[in-house]
1. Send over a whole-number figure in Å² for the accessible area per residue of the chain, probe 1.4 Å.
2. Taking θ = phi - 60°, what integer Hz values does the Karplus form 6.51 cos²θ - 1.76 cosθ + 1.60 yield along segment 377-386, in sequence order, with x for Gly and Pro?
3. Please work out whether segment 376-415 counts as rounded, prolate or oblate from its C-alpha gyration tensor, where a ≥ b ≥ c are the square roots of the eigenvalues and a/c under 1.5 means rounded, while otherwise a/b larger than b/c means prolate and anything else oblate?
4. How high is the relative contact order of segment 388-501, in percent, counting Cα pairs under 8 Å that sit 6 or more residues apart?
5. In whole percent, and with a 1.4 Å probe on the protein chains, what portion of the accessible area of the chain is carbon and sulfur?
6. Please list, in order along segment 168-174, the HN-Hα scalar couplings obtained from phi with the Karplus expression 6.51 cos²θ - 1.76 cosθ + 1.60 (θ = phi - 60°), rounded to whole Hz, x for Gly and Pro.
7. Would you please put 181-188, 727-734 in order of how densely packed they are, using the mean number of other Cβ atoms within 10 angstrom per residue and starting with the highest?
8. Looking at the chain only, what percent of DSSP beta bridges run antiparallel? Nearest 5 please.
Amino acid sequence: MATTKKTTKKTTKKKTAKKKSPRALNPEELTWRCDPAQFAFKTTADLPELKEIIGQDRALKSLEFGLGIENPNYNVFVLGEGGTGKYTTVKNAIESKAKDEPVPDDWCYVYNFTEPDSPVALNLPAGRGSEFTEEMAGVVATLRRDIPKVFESKDYESHRDEIIEGQQERTHVLFARLEKVAEEKGFVLKKSSSGVSVVPGKGGKPLKQSEINELPKEAVEKLNHDLKFVQDKLSDTIREARKSDKDSKERIAELDRETVQYVVTPLFNELLEKFKDLDEVSAFISVLKTDLLGNIEDFRPKEEMPFGLAPFGGLQQNHIPAYERYRVNLVVNNSECAGAPVVYEPNPTYNNLFGRVEYRFQLGMATTDFTMIKAGAAHRANGGYLVVNALDVLRNIFVYDSLKRLVKTGEIRFEDVWEQYRAVSSSAMKPSPIPANVKLILIGEPMLYYLLYNVDREYRKLFKVKADFDNVMELNDENVEQYALFVATRCAEEGLLPFAPTGVAAVAEYGCRIAANKGKLSARFNDIKNLLIEASHFAGLDNSSSVEAEHVEKAKAEKRERHSKIEEKYREYITDDTLMVDTEGSVVGQINGIAVLNPGDYAFGKPSRVTARTYMGDTGVVNIEREVKLSGKLHNKGLMIIKSFIGDRYARTFPLTLAASLCFEQLYDEIDGDSATCAEVYVLLSSLSGVAIDQSMAITGSMNQKGEVQPIGGVNEKVEGFFDICAARGLTGTQGVILPARNIKNLVLRRDVVEAVEAGKFAIYPIEQVDEGLEILTGKRAGVRDENGRFPKGSINQLVESRLHALATKYKAFGRPVVKKKPKPASNDNGDNGNDSDSSKGKK
């Protein structure tokens, strides 16, 4: 225990010494350089292609788990920043796994003879679906060709005529017999369009009504009696004639069936033999044969009519012809698949994913049938994998809920999703659903993953696997070698010039820069690929056989030139003093802060002037940006930390009573973040102490209530932003940037900045405590309290404490009325509310 205490004490002393003599960073600490000598190849053309993604071990392990587990609720969400190789990785991983998996069944729709509006889905082994479709198409073609020929044969016509003539002869005999009976009773048969009737007659001619009225009463009664008898006989005769006609039709139908059987039976027997191992298909063929024999009239030769017109000039009824009913609609054909299907749907609309039922239009009428059912990506991916972009899914109406429904029900349905929104519902086909066995893979940004996870509780149940792609990976020799393989692979795929070792080293350095960490390499391979393409282009312009480091640097510089118009405008405004930023001299209550401006495609550092004014009052520290609503929450938080820090350090024996204002001068848009906290506390302490701040320095850094300097983001852009301003005005050797020591690992600066530091024209100072930066900026010691709790005389902290004590004392005494009598002890000693009120009145 004693040893530990001594060690701690020594460490504290070292830190204090370091704080008194801040060290500027060496050029080697400002960036990372890749040694081209570590590569054993002459150009990347000598290297093999990279077969797998690099730097994504966690994501690959998660993806392997999600693809391997068979539970339908373990679907995968692949998340990560754009350009990290998500699509390539998912594609390679899925296709590698899918090729060894069984090929799923084919699916087809056939006519439902029981419920025509609900076509039946049949599944057949892969390849058998197309075979069945072709066989049925051949059968239909044969039926359409051969059945009409059979009906036109002389043998069939003679048999049919014989039946018809026999029926006509029997009918003639029946009515001849009836006429004889009627004549014997004094009646004749009168034929009209409405049928046959019995009327009184004489000599084969009907009697007139006047002649019937002249008959005696007895004759009329007898006539009525005989009329009833003859009418009964007429009814019997008609009944027998109808029975004879029915028998004849049945005989003709039987003749038709027997005739068609010679064509149909051999076809269907052969068909049943081919598909006897498929029960559902065999059952459909049997039902189809029965329906065909029951609808032979549809295959008889018919006299053609003008298109769309019925015999009476109306519209033809829209019904599916018999031969169309016997076709097969193959919606999913896996005959050419070498494993489980992998489907990438780039435009996941509802119809593209779940299929649609198409319509044909004739004379303003829309008709459809089961042959117009079209499959979607979900059908094609059934038995395999469906990959879609999460953002595209959410953009398209109905799609997200339908995907969840697919997973929950295990079915893929053809639905008219707009039906519920129509004022008048229309009848539509309801194809039978297809059982679903699909592994869903959504690819998207982290924001979408966490949004769905927290908003939609069903999402948690259905997408249980998270494959999280990182945007950086460890910087080590193995990954640098992998970078070289990546360069070789992209060169081969894109047809680029091969890269020399110096070119690969420059690419690796660029990967370290965009990772913004000397211990990391970027995994945003899309950015790396773009650099390779551009560097190869410039190498080609130089007629170089390979891409060298100079070409990579040229590509980087040209890209910066293309995107840096806004940065150049800001730099011009500062150099011509439109935006006031000093880079030399010393000023009290003024400091150079640095912010990062990122329009989206390019980020750069923007120096700005921060000022502070302190005076007597009790309003505390006022953030002018906050007062005009130009300050974000994190920036406001930083100001609260400053108040707490100042109160804890200086106001130990007296109340903190001051009025101060902080302002980012010439700021016309919102500011946020806490990286200006150090700058704000320094400028505030300068104003309180009256000690000037060196304007050749700029400061960035966050801090906590204990005065410890915390790391910030965008450190490279900030350093380079201030360096560019100093370089434009002329480097003096006294200029530099103060930054958190914890950001040293993030420094991967441009070559020109490193060269300026190496030449002694620019400096970068790391700090761990607030006091270290205060000493660099002012050239004076900050001061540490002694054992009596006092700061050294003349130190900045002592000056600040004295000023704050004076402000508190004067504020209390200001405006107090002249005392004529000796005040009561209770009234004077405590600075009670009465005195506070007097002070307020005095101010007024």
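1. Working: 44980 Å² over 844 residues.
Each residue of the chain exposes 53 Å² on average to a 1.4 Å probe.
2. 5, 5, 5, 5, 8, 4, x, x, 9, 10
3. Numbers: a/c = 1.80, a/b = 1.27, b/c = 1.42.
Cα axes put segment 376-415 in the oblate bin.
4. On the way: 56 pairs, mean separation 28.0, N = 114.
Across segment 388-501, relative contact order equals 25 percent.
5. Values: 22610 of 44980 Å².
Roughly 50 percent, rounded to a whole number.
6. Along segment 168-174, the couplings run 5, 5, 5, 5, 4, 4, 4 Hz.
7. Values: 181-188: 18.0, 727-734: 14.0.
Highest mean packing first, the order is 181-188, 727-734.
8. Values: 47 of 79 bridges.
Here the share of antiparallel DSSP bridges comes out near 60 percent.
The values are calculated or read from the model by the stated rules, or taken from the named source; none is laboratory data. These numbers come from a predicted model, not from an experiment. Methodologically, a virtual Cβ is constructed for each residue, glycine included, from the backbone with ideal geometry; neighbour enumeration extends over all protein chains shown. We work out accessible area using only protein heavy atoms, side chains counted, and drop any ligands, DNA or RNA first. Shrake-Rupley method; radii C 1.70, N 1.55, O 1.52, S 1.80 Å.
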